[in-house]
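**Student:** Dropping a structure here in structure tokens format, bear with me for questions.
Bear in mind these aren't lab numbers, they're just calculated from the coordinates by the rules spelled out. In this text the structure is predicted, and so the values were computed from the model without any measurement. For neighbour counting, all protein chains shown are included, and Cβ atoms are generated from backbone atoms with ideal geometry for every residue, glycine included.
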Amino acid sequence: MSRPIVMFDVSRCVGCRSCEIACAVEHSSSKDLFSAINEYPLPRPRIRVYKIDDLNVPVTCRHCDDAPCVAVCPTGAMYRDETGYVLHNPSRCIGCRLCTLVCPIAHPRLIPELRVVIKCDICMDRLREGRKPACVEACPTGALMFISETELARERVRERIVKALLEK
């Protein structure tokens, strides 16, 4: 997978949930925090921070290469776009939740009052403007990164080399 996705460094996440708020606001009609809280339905984040023991773990769509959610969707609401990201068309969604059952990280979620599923859309509008996803921009500790797995691996190797050199 060479396209960037939202990756996280669990050692940096403090569980502030700024990413969740930024995501919900980005997916609101108003794009404004104070207006968004009065919208119906309430805007929902596509990223969630789970507390697991002493760790805070931000979870969002991995935009899998084999994307079981795309394969199982009976209406084509889940699809891969020309850039390779897995996206969702809510107007085609019938709320069957098959995608939620096959996703290895249980990312897509049903919004009961709308009877449709939501999932991370990688803030595609922001990407087209040359900006990072809202969750990444909002993260105050740098726990969230918009980076490809290849670039992240290179970054980790550089960090280990620098650390080894500093220890000498």
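**Student:** Which of Arg44, Arg17, Arg128 moves most in a GNM of the chain, Cα contacts under 10 Å?
**Tutor:** Most flexible of the set in this elastic network: Arg128.
**Student:** Enumerate lysine pairs in the chain that are 8 or more residues apart or on different chains, then count those whose Cα atoms are under 29 Å apart. Numbers along the way, then the final one.
**Tutor:** On the way: Lys31/Lys51; Lys31/Lys119; Lys31/Lys132; Lys51/Lys119; Lys51/Lys132; Lys119/Lys132; Lys132/Lys163.
Total qualifying Lys-Lys pairs in the chain comes to 7.
**Student:** Would you mind ranking Met7, Met124 by Cβ crowding within 10 Å, fewest neighbours first?
**Tutor:** If I rank by nearby Cβ atoms, fewest first, I get Met124, Met7.
**Student:** In percent, how large is the relative contact order of the stretch 74-134, given Cα pairs closer than 8 Å and 6 or more residues apart?
**Tutor:** Here the relative contact order equals 25 percent.
**Student:** Could you work out the relative contact order of the stretch 1-79, using alpha carbon pairs under 8 angstrom and six or more residues apart, expressed as a whole percent?
**Tutor:** Across the stretch 1-79, relative contact order equals 29 percent.
**Student:** Further question: Can you list which of the GluC sites (Glu not before Pro) found in the stretch 93-168 are DSSP loop residues with at most 12 other C-beta atoms within 10 Å? Could you put the intermediate results ahead of the total?
**Tutor:** Working: sites: Glu113, Glu129, Glu137, Glu149, Glu151, Glu155, Glu159, Glu167; in loops: Glu113, Glu129.
Listed in order of number, the matching sites are Glu113, Glu129.
**Student:** I'd like the orientation of helix 149-167 relative to the chain: the angle between its Cα long axis and the longest Cα principal axis, in ° from 0 to 90, rounded to 10.
**Tutor:** So the inclination is approximately 30 degrees.
**Student:** Going by how many other beta carbons lie within 10 Å of each one, how would you line up Lys119, Lys31, fewest first?
**Tutor:** Lys31, Lys119
**Student:** Taking only Cα atoms and a 10 Å spring cutoff, compute GNM fluctuations for the chain and point out the largest among Thr150, Thr83, Thr75.
**Tutor:** Top of the fluctuation ranking is Thr83.
**Student:** Between rounded, prolate and oblate, where does the stretch 19-117 land on the alpha carbon gyration tensor, with a ≥ b ≥ c its root eigenvalues, rounded for a/c under 1.5, else prolate if a/b exceeds b/c?
**Tutor:** oblate
**Student:** Please compute one quarter of the surface area of the Cα convex hull for the chain and express it in square nanometres.
**Tutor:** The orientation-averaged projected area of the Cα hull of the chain comes to 11.4 nm².
**Student:** Calculated from DSSP H runs of 4 or more alone, at -39500 (n - 2.57) each and per residue, what is the 222 nm mean residue ellipticity of the chain, nearest 500?
**Tutor:** Value at 222 nm, helices only, nearest 500: -8000 deg cm²/dmol.
**Student:** Additional query: Pick out which of Asp66, Asp121, Asp32 has the largest mean-square fluctuation in a Gaussian network model of the chain, springs linking Cα atoms closer than 10 Å.
**Tutor:** Asp66
**Student:** Return, in residue-number order, each cysteine of the chain whose C-beta is not under 4.7 Å from any other cysteine's C-beta.
**Tutor:** So, Cys13, Cys16, Cys23, Cys64, Cys73, Cys93, Cys96, Cys103, Cys123, Cys139.
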